[in-house]
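Below: one structure, written as structure tokens.
The values are calculated or read from the model by the stated rules, or taken from the named source; none is laboratory data. Here the structure is a predicted model, which means the values were calculated and not measured. All Cβ positions, even for glycine, are placed from backbone atoms using ideal geometry, and neighbour counts span all protein chains on display.
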Amino acid sequence: MSQRIHHGPVSDPAAALAAVASAMGRLGVAVDERPGLLAAVARALREHQPGGWITVGVDGNAALTVTVGGGGGPDRTATAALPADDGAARDDAGRGDDACGGETGLLDLIIDQHDTLGWHRQELEQTNQGVLALHAELAETTERLRHASDLQRRLLSAERAAHAAAEASRARLAFLAHAGATLAESLDHEQILTRLHAIVVPRYASAMIVWLVREPSVLSPFPDGDERPPPLVEKAFASGRAQHATRLPGGEEVVPGVDTTLDQQQILAIPLVSRGSTIGVLAAEPPSDSFTTEDVAIFTELARLTAAATDNALRYEHERGVAQLLQRAMLTDLPADGRLQFTARYLPAEAGLNVGGDWYDAFERPDGDIIAAVGDVTGHGLQAAALMGQLRTTLRAFAIDADGPGEVLTRMHRLLSHLQPDDLATAVLAQVHHDGILRWANAGHPPPLLRAPDGTVTVLEGHDFLLGMPLEGAALEEFTVRPEPGSIVLFYTDGLIERRGVPLGDGIDRLARAFGRARGELDAMADSVLAEMLRDSAREDDTCLLMFRRASP
């Protein structure tokens, strides 16, 4: 059942709206619905003015109904739900019908205000949506930044790890380069192994022993001792493979060629292999928990360097020993003739490979003349010692009946040039007659010195080409001098006078002064000359000295 609250023309829209507002207030229409209903009624009133009408009532559905019609337009109805209450409120709503008044401009104002509120509401909703979208974008950006930060941290960590690995690799390579240079500096195997121990212990190993093959299949420790090699060392020697015993579980093979086993006694044993032969085993114990894969690789390379250096030293020491033995065996016994007194000294080199080339000889010919000679073969080692022996034998064969020193050295030069054209030698040869005349020839050798009885020293000039030079048909010149009785002649090799960076002439002058200052018998004079001349020498070459004196009448 419907109840009419208000009905009248729309000639006074303000009064009509006031009636609607009053009815909504009395009937308890929800506050949030009132603006919308007023706006709808205001639009309808504007459409039906003038000549229209408005009816306000309550329909059977308990809703406030406002209908605007007439004025040439279709009827417009707007409704608003009412709260459940008694009919008294609705009766009250029917009163006050005539309390409205106002102007048409109020209608437009209400409509504008409602439209403005709607626009602001729409803007607010759009703003809220924009804020929500911004929050979502910020959240997404924050997440991307977090992922980027995590990636940057991972990349930085990886870069630091790579840098640390590169530094570790550089340090390992620097160590191996230093070790290789240090081990290659010496040709003494004991010095090599001592240096090896110094650069390894305690930084890279807590203990280290090198086991060398002194006898076939027998390992002896360095430094020397009586202990037997551990089983792992014997296994490495027998198998030719590195053995690694560790407390830490790991794979069966740490690096290629290395067998790994679990054992409470941690040790790394690596065979020393050179030229296809195993010459020993390097055994080391770790400085901390266990050797790492990198440590095993370092020691494997270190063992290779040690094997090469030690093998070279052992071979050199063997060759040097043979050469010295050969050379000493070929040094002659000096003549004991009363006319001439002889003394000689031979000192092998103490550094490097320079051994085996220097020699001296002195003997009496069948006619009574005395032959004295000193020579030096280019090159060093066993081959030089063998060539020295051949030249010494050749000199004796030629000098036994030759006309003089010039002829002897010329024939030696031709023989050497023909049979061994790649070799060269120097020599000074003297022949002393029974009347005291000294004839000599010099094939590229340092000049002899002659000391008179008053101590004056003269250099016996007269110098020719080396033996073996490619000078076909050339002959050496011969020189003659008659020393005073009591005079002393000094032959020597370049090891006595040569120094790095010092002209050879300065060395000869220095020797002449030392020779002139020497006192005593020939042996004492020889020792004095050697002591003064060799006190600043590195002894990188052999030194040979032959001194003889013509007896006073």
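Hey, could you check the stretch 400-440 for residues that are among the small types (Gly, Ala, Ser) and part of a loop (DSSP other than H, G, I, E, B) and say which is nearest to Gly495 (Cα to Cα)?
Gly404
Would you pick out the residues in the stretch 271-287 that are outside any strand (DSSP E or B) and touching a residue at least 40 places away in the same chain (Cβ under 8 Å)?
Selection gives Pro286, Pro287.
Quick one: which of Ala518, Ala526 is free of Cβ contacts under 8 Å to residues at least 40 places away in the same chain, assigned by TED's automatic domain parsing to the domain that holds Phe342 and over 49 Å from the mean Cα position of the chain (by Cα)?
It is Ala518.
Please find, among Glu317, Glu285, Glu252, the residue that is surrounded by fewer than 18 Cβ atoms within 10 Å (Cβ to Cβ), charged (D, E, K, R), at pLDDT below 90 and touching a His at 6+ places or on another chain (Cβ under 8 Å).
Residue meeting the stated conditions: Glu317.
Got a sec? Which strands (runs of 3 or more DSSP E) wholly within the stretch 441-553 have at least 2 residues that are more than 30 Å from Leu416 (Cα to Cα)?
Here the list reads 457-459, 543-550.
Starting from residues that are modelled with pLDDT of 90 or more and in a loop (DSSP other than H, G, I, E, B), keep the ones in the stretch 339-367 and report whichever is nearest to Gly389 (Cα to Cα).
Arg365
Please find, among Ala14, Ala89, the residue that is modelled with pLDDT under 80, touching a Cys at 6+ places or on another chain (Cβ under 7 Å) and surrounded by 14 or more Cβ atoms within 10 Å (Cβ to Cβ).
Checking each option against the conditions leaves just Ala14.
From the list Ala441, Ala425, Ala452, exactly one residue is buried (at least 16 other Cβ atoms within 10 Å of the Cβ) and under 22 Å from Ile370 (Cα atoms). Which is it?
Matching residue, one of Ala441, Ala425, Ala452: Ala441.
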